[in-house]
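Everything on this sheet refers to the single structure shown next.
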Amino acid sequence: NVSSVASAGSRIVAGGSRALLWSGTTEHVLPTDDSWIWAVASTRDGRLAATGGNAQIRTWNGETGTEVGTALVAERVNGLAFTSDGARLASTHRSGDVIVWNLATRTGTTVAKIPGAARLAISPDDKHVAIGASDGTLHLLALDGSAPRLLKSGDGQIVVARWSADRSRIAAGYANGR
């Protein structure tokens with residue numbers, strides 16, 4: 001079973017009952033302590049990958065599958081997204097916390113609380129994050145921590161959110177196919 005997939009060039013990371021990373025034609029099984037991987041992410045250049053499970057976020061070398069770092073969290077990770085330079089990683093959690101992690105210092109800052117926060121996407125200019133929630137709402141949050149703004153109220157759980165390359169549009173996919 002697969003719950004989340006991210007790709008960059010010839011590198012793909014997938015989560016579910018286990019975490020897998022493909023680098024070209026080489027498959028790496030990523031060792032995790034979590035029973036389920038709910039969220040995965042990859043930097044745009046494929047240099048780093050991230051997995052999020054029930055109690056931890058791990059970052060991995062995107063070529064070798066070697067673990068780079070671990071952050072222990074108190075609850076399930078619902079979504080992950082890297083900034084374009086790979087220096088920060090945003091995560092959403094079952095409690096609604098939205099956390100931005102500085103990967104160099106391995107510290108996280110809670111920047112918002114959005115009930116049902118699930119999937120997220122960081123804008124190409126790294127200034128905003130779009131957050132889709134389980135109640136069908138889509139929120140826009142500035143990464144500097146200003147208050148989130150409700151963009152849309154939908155009619156089902158948001159399972160994917162993506163920015164257009166020019167940052168002019170955000171697309172959201174709903175579990176009910178709408």
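The values are calculated or read from the model by the stated rules, or taken from the named source; none is laboratory data. This structure is a prediction, so every number in the text was calculated from the model and none was measured. Cβ sites come from the backbone with ideal geometry, for glycine too, and all protein chains shown count toward neighbours. For accessibility, only protein heavy atoms count, side chains too; no ligands or nucleic acids. Shrake-Rupley method; radii C 1.70, N 1.55, O 1.52, S 1.80 Å.
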Filter the stretch 24-41 down to the residues that are open to solvent by 20 Å² or more (accessible area, probe 1.4 Å) and at negative phi and list them by number. THR25, THR26, GLU27, HIS28, VAL29, PRO31, THR32, ASP33, ASP34, SER35, TRP36, TRP38
Do you know which residues across the stretch 157-167 are open to solvent by 70 Å² or more (accessible area, probe 1.4 Å), at pLDDT 80 or above and assigned to a loop (DSSP other than H, G, I, E, B)? GLN157, ALA165, ASP166
Of the residues that make up the stretch 89-104, is at least one free of Cβ contacts under 8 Å to residues at least 60 places away in the same chain, more than 19 Å from ALA39 (Cα to Cα) and more than 15 Å from the chain's Cα centre (by Cα)? yes
Total residues in the stretch 31-61, condition among the hydroxyl-bearing types (Ser, Thr, Tyr) and at pLDDT below 90: 2
Does ILE57 meet the test of being at negative phi, β-branched (Val, Ile, Thr), within 14 Å of the chain's Cα centre (by Cα) and not in a strand (DSSP E or B)? no
For ARG44, indicate whether it is at positive phi and open to solvent by 50 Å² or more (accessible area, probe 1.4 Å). no
Going through the stretch 30-69 one residue at a time, which ones are in contact with a strand residue (DSSP E or B) (Cβ under 6 Å, 6 or more places away or on another chain) and hydroxyl-bearing (Ser, Thr, Tyr)? THR32, SER42, THR43, THR51, THR59
Residue hits (the stretch 74-85; aliphatic (A, V, I, L, M) and farther than 15 Å from LEU103 by Cα) are ALA74, VAL77
Of all residues being within 19 Å of ALA175 (Cβ to Cβ) and surrounded by fewer than 21 Cβ atoms within 10 Å (Cβ to Cβ) in the stretch 1-13, which is modelled with the lowest pLDDT? Just the residue, please. ASN1
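Please find, among GLU75, GLU67, the residue that is acidic (Asp, Glu) and in contact (Cβ under 8 Å) with a residue 24 or more places away in the chain.
Exactly one of GLU75, GLU67 is acidic (Asp, Glu) and in contact (Cβ under 8 Å) with a residue 24 or more places away in the chain, namely GLU67.
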Which of the residues that make up the stretch 114-156 are within 17 Å of the chain's Cα centre (by Cα), free of Cβ contacts under 8 Å to residues at least 40 places away in the same chain and loosely packed, with under 15 Cβ neighbours inside 10 Å? PRO115, LYS127
Subset of the stretch 72-113, residues open to solvent by less than 20 Å² (accessible area, probe 1.4 Å), part of a loop (DSSP other than H, G, I, E, B) and within 15 Å of VAL40 (Cα to Cα), comes to THR83, GLY86
